[in-house]
Amino acid sequence: MEQPDPDPEPTLDALVTAVATTLMGVDSAGLHHAAESVLAMMVRQLGVDQSFVRFHDERRRATVLVAEWPPREHVPDPDPLGVVPFADADPVFAEAEHLSQIMIVRPSDSVEYQERVREGSGAPPTSLAVVPLRQAGRTTGIIGFLQYSDRGWPAEELQALSTIALLIAQMQGRMAAEDRLRHIAHHDELTGLPNRRALMDHLKGVLAAGGPGTRALLFLDVDRLKAMNDFLGHEAGDRFIVEIAGRLRDAVDPADVVARLGGDELVVAVDGPCDETRAVALAERVQRAISQPIQLGGQSLGRTVSVGIAVMEPADVSLAQWLRSADQAVLVAKSRGGNNVVVFTAEMEKREQVRVAVEMNLLTAIRDGSLTVAYQPIVDLRTRVPVGVETLVRWNHPTLGPVAPELFVGVAEATNLAGELGDWVLGEACRQFAAWRAELPAGALDGFAVSVNISPVQLIAMDFVATVASVLDRNGLDGRHLILEVTEHAVVSDDVAARRTLHGLRAMGVAIAIDDFGTGYSSLAQLKAFPVNTLKIDRGFVQDLGHNPDDHAIVRSIIKLAESFGLDLIAEGVESEEAAATLVELGCRVAQGYLFSRPQPADEVREALLRRAGDYSRGATG
């Protein structure tokens, strides 16, 4: 029986095809294995003794070994062939940087290379063929073939090698482009630091790995960077952030991960186990490094940094909780004036849980009637007769219990619910005032007004004047029955929009009071520019009045200021007869505080108003 012909010898074309197939879709992770496979095919097909691939690293100015076949049995440490500088005296490496065509090197041409190879394999080769990898007119690496016996290189082999070199160079370029895209996707464009995505990936790995001991996360926020941006411009601010990022990178350990989340927010994930003491020491070191002056725009500028620290057991924390804890700690640090280091505590965690619960339920509470209002009487200091009430919102949550107003009002402002909450309180206050007026004798509420706090969001809303007009009309009231209280900060933060709104309110007869006066930034010029009726003296200056000479001087100045501008005055937080008497002596006639009454529900206010009406009635008939 006739025997089949043996398999024909693989052709050079088949070799090129096999190489192309092997390199298809290779990424950085699979580069070494794919390169070894290609070298093995070429060694077998060409009948050479050894082969290698090297890629150039322009940053290090060196050529780097990617793979070799067959692998050396004994590789020294360090490997003399691993990373070789271009400046090496050996011709193979001296010319490799700019090699543009295939080079055949004989033993006498490369003594040093012979020694390097002998160190790894024990015998010098008799010849070395070097094929350049070329991209866009640049040499990006080489393929080398070592031969321990004499052989020539036919033209068809050199052509095949050139084609294979082109395939490898194309793969190299594709991987470089993919690496650049990955770098862009995982690094901040401005600073080059890892970005939020890269940080999340790293922290997921930390938590998944577990391990003994706690891990530390530092959340950094540059203090008052906006002021510098406003002064020098955002370009200078960007240069400042770049400098800060570099200092931060230098201040921590090389293995620590430093990331930029955006703006002036930076995070340090400390490598390995880290307790609170070590984390605080690192935070203080970072603060010292960052606080050193930076030269920008011909000026020496300095900024402090607030640091929040979350030290957690990997097994006991989620990624979201870990980051949220560090963020919460830095917010506390900033609330203390900045330039502080704060470690997240269990107490903060409890407060954060309450805050989250408040945020999740606030909108429903506004819309389903869970909120209530209380009214604190405002009295004439000489007669102690109520002349008005301030409306105060209250929330008794079914599971959290009474929620502090400063908590849920702060949440409302942070979650864009301040306008809706404020409109609800305004509507409820006007509805209740109309109900009192309907139940009391005619004229009993003459000169009596209800005060409502409004948020900065309401003050600059385009339709707020129309909203107030609608509420008053719906309840049969006019502007003289309503006083709207605004903070100094709200008045000066957007003067154009605020002035437009306030003038619209005054045109309806609504009175405007500046709340907590003396704690903000109002100037005499602003008081003159805005249509303000009343100044409310902050409780901080009133509570110790009669005992504290500094408070006495401040209150006297505020009263004189109000008199010079023809403004009414209301003192807040009166808790003692000494404070009340001092206010009367200084010229303030109206006040509110626990000395007279705590905030009351509507029915108790109604009873007080009935007594007031009776007093008026008796006075009229007597």
Taking segment 264-294 only, how many residues are under 19 Å from the mean Cα position of the chain (by Cα) and open to solvent by 50 Å² or more (accessible area, probe 1.4 Å)? 1
If I ask for residues that are in contact (Cβ under 8 Å) with a residue 24 or more places away in the chain, at negative phi and out of contact with any strand residue (DSSP E or B) (no Cβ under 6 Å at 6 or more places or on another chain), which ones from segment 262-279 would you list? Pro273, Asp275, Arg278
Just checking, how many residues over segment 314-324 are without any contact (Cβ under 8 Å) to a residue 40 or more places away in the chain and surrounded by 11 or more Cβ atoms within 10 Å (Cβ to Cβ)? 2
Scanning segment 581-604 residue by residue, the ones that are crowded, with 21+ Cβ neighbours inside 10 Å and within 47 Å of the chain's Cα centre (by Cα) total 5
If you go through Pro71, Pro76, the only one that is more than 23 Å from Gln172 (Cβ to Cβ), at pLDDT 85 or above and outside any helix (DSSP H, G or I) is Pro76
Would you point out the residue of segment 12-31, among those that are exposed (fewer than 12 other Cβ atoms within 10 Å of the Cβ) and not small (Gly, Ala, Ser), that is farthest from the chain's Cα centre (by Cα)? Asp13
Which pairs turn up if I take residues in segment 67-89 that are more than 22 Å from Ala29 (Cα to Cα) and without any contact (Cβ under 8 Å) to a residue 24 or more places away in the chain and look for partners that are of a type in the set (Asp, Glu) and open to solvent by 40 Å² or more (accessible area, probe 1.4 Å) with beta carbon separation below 7 Å, at least 6 apart in sequence or on another chain? Ala89/Glu112
Return yes when Gly479 is open to solvent by 10 Å² or more (accessible area, probe 1.4 Å), modelled with pLDDT of 90 or more and more than 19 Å from Val409 (Cα to Cα) and no when it is not. no
When the residues of segment 172-225 are filtered to those that are surrounded by 17 or more Cβ atoms within 10 Å (Cβ to Cβ) and assigned to a loop (DSSP other than H, G, I, E, B), which remaining residue is modelled with the lowest pLDDT? Asp223
Ala571 under 15 Å from Gly388 (Cα atoms) and open to solvent by less than 90 Å² (accessible area, probe 1.4 Å): yes
Restricting to segment 325-343, what's the tally of residues that are charged (D, E, K, R) and at pLDDT 90 or above? 1
Residues of segment 35-78 classified as over 18 Å from Leu128 (Cβ atoms) and charged (D, E, K, R), total: 9
With (1) crowded, with 19+ Cβ neighbours inside 10 Å; (2) touching a strand residue (DSSP E or B) at 6+ places or on another chain (Cβ under 7 Å); (3) not in a strand (DSSP E or B) as the list, and Val311 as the residue in question, which single condition is left unmet? (3)
Might you let me know whether segment 230-245 holds any residue that is at positive phi, over 40 Å from the mean Cα position of the chain (by Cα) and surrounded by fewer than 16 Cβ atoms within 10 Å (Cβ to Cβ)? no
Could you tell me which of the residues Ser564, Ser522 is in a loop (DSSP other than H, G, I, E, B) and at pLDDT below 90? Ser522
Every residue in segment 295-306 that is open to solvent by 10 Å² or more (accessible area, probe 1.4 Å) and in contact with a strand residue (DSSP E or B) (Cβ under 6 Å, 6 or more places away or on another chain), please. Leu301, Arg303
Quick one: which strands (runs of 3 or more DSSP E) sit completely within segment 340-445 and have at least 2 residues that are in contact with a Phe, Trp or Tyr (Cβ under 8 Å, 6 or more places away or on another chain), under 30 Å from Ala326 (Cα atoms) and open to solvent by 70 Å² or more (accessible area, probe 1.4 Å)? none
Any idea which residue in segment 62-88 is surrounded by the fewest Cβ atoms within 10 Å (Cβ to Cβ), counting only those that are farther than 19 Å from Gln50 by Cα and of a type in the set (Gly, Ala, Ser)? Ala87
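The values are calculated or read from the model by the stated rules, or taken from the named source; none is laboratory data. This one's a predicted model, so the numbers in the text were calculated from it and none came from an experiment. Cβ sites come from the backbone with ideal geometry, for glycine too, and all protein chains shown count toward neighbours. The accessibility values were calculated without ligands, DNA or RNA, using every heavy atom of the protein model including side chains. Shrake-Rupley method; radii C 1.70, N 1.55, O 1.52, S 1.80 Å.
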